[in-house]
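This report refers to the structure that appears directly beneath it.
The values are calculated or read from the model by the stated rules, or taken from the named source; none is laboratory data. What you see is a predicted model, and the numbers here were worked out from it, not measured in a lab. Every residue, glycine among them, receives a Cβ derived from its backbone with ideal geometry; neighbour counts consider all protein chains shown.
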Amino acid sequence: MSEQDEWGSHASDYAEKASSGPQIESVNGILAALDALLPFEKATAILDNGCGTGIGIKALIDDYSARLPDSVRLMAADLSPGMVDVVRKVKTENRGNRFWDALEFDVWGIEKMSGAKGSSFSHIIASLVMFFSPRPEDAFSEAYRVLKPDGAIAMTSFQKNGWIELCDVIGKIRPDLKMPSLPAEWASEDWIRGQFEKAGFRDVVIKPVHVSKDIDDPQEFAEFLVKTNNPVVSPILNLFTAEEKKKAVDMIVSEIRRVNPGSSPKISNVLLLSSARK
């Protein structure tokens, strides 16, 4: 694993904690939106772009394999070699399943899919990845380039992220440090629609999806947030002293309980589910 592969170092933690909540709801919504735009019976090649630990490709095979053509090409790609390696292991664990056996891999960024020819894919899954792009116009244009005519893309971004809001709370411990924040444009339906249309897409549909994640143990969850290798927050939290990290855990637990008085603890999120056709 590359020393720069920060997401790869977070892969095992991510896989463990992403079995419920926004990641799952994001993928389920994306697959339903893609199927509505271009039924999976007509799929020729499907790309899980920014595949992470393979949540998207796994849901596709688990839930839609009965409708996929035998000849369909499946690919999982991510900028992080470590994340791709996790999906390779899942492929090995599912040896004997024809769709897993045929799964291809590549390592690339969403702004430059260097291994993909133009008009290669009938469907693109882009779950909670596009908003990481420092060059959104390039990301949308590249997705347009690799889609076949009439091909479909569906993606998600956060309009509200309860996890980021918890980071705002612990930011009070070190006001000299800038905590991560949601890119405001990716929370705007009008802005996202404009990006799709500027790249040439049509039939753009955007809708909010409310998602909550149950927190079984606020203490355990808070410790995970503070001690995780998540590249979004770890560069900042690594500057905290041990005492400050302990205080951060306590503040997160208090905030979770404050916003969930008399109820089972949960974190609330709002996704923007966006889909379009080339």
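A few points about this structure:
- From the options PHE99, PHE105, PHE132, PHE121, residue that is at pLDDT 95 or above and under 21 Å from SER275 (Cβ atoms): PHE121
- Evaluated against (1) surrounded by 15 or more Cβ atoms within 10 Å (Cβ to Cβ); (2) at pLDDT 90 or above, PHE224 falls short on exactly one condition, (2).
- Residues that are surrounded by 16 or more Cβ atoms within 10 Å (Cβ to Cβ) and under 30 Å from GLY194 (Cβ atoms), drawn from the stretch 237-269: ILE267, ASN269
- Condition check for ILE173: in a strand (DSSP E or B) and β-branched (Val, Ile, Thr): no
- Tally, over the stretch 174-209, of residues that are of a type in the set (Val, Ile, Thr) and surrounded by fewer than 16 Cβ atoms within 10 Å (Cβ to Cβ): 1
- Every condition in (1) part of a helix (DSSP H, G or I); (2) of a type outside the set (D, E, K, R); (3) out of contact with any helix residue (DSSP H, G or I) (no Cβ under 9 Å at 6 or more places or on another chain); (4) touching a residue at least 12 places away in the same chain (Cβ under 8 Å) holds for GLY194 except the one numbered (4).
- Whichever residue in the stretch 73-108 is assigned to a loop (DSSP other than H, G, I, E, B) and of a type in the set (S, T, N, Q) and, among such residues, is nearest to the chain's Cα centre (by Cα): SER80
- Top-ranked residue in the stretch 44-72 [being part of a helix (DSSP H, G or I) and small (Gly, Ala, Ser); ranked as surrounded by the most Cβ atoms within 10 Å (Cβ to Cβ)]: GLY56
- Flag if SER71 is under 15 Å from ALA126 (Cβ atoms) and among the hydroxyl-bearing types (Ser, Thr, Tyr): no
- The stretch 32-43, residues that are part of a helix (DSSP H, G or I) and either buried (at least 24 other Cβ atoms within 10 Å of the Cβ) or in contact (Cβ under 8 Å) with a residue 12 or more places away in the chain (or both): ALA33, LEU34, ASP35, ALA36, LEU37, PHE40, GLU41, LYS42
- Index of the failed condition, VAL204 passing every other in (1) within 13 Å of ILE170 (Cβ to Cβ); (2) touching a helix residue (DSSP H, G or I) at 6+ places or on another chain (Cβ under 6 Å): (1)
- Count of the stretch 207-252 residues which are touching a helix residue (DSSP H, G or I) at 6+ places or on another chain (Cβ under 9 Å), in a loop (DSSP other than H, G, I, E, B) and in contact (Cβ under 8 Å) with a residue 60 or more places away in the chain: 6
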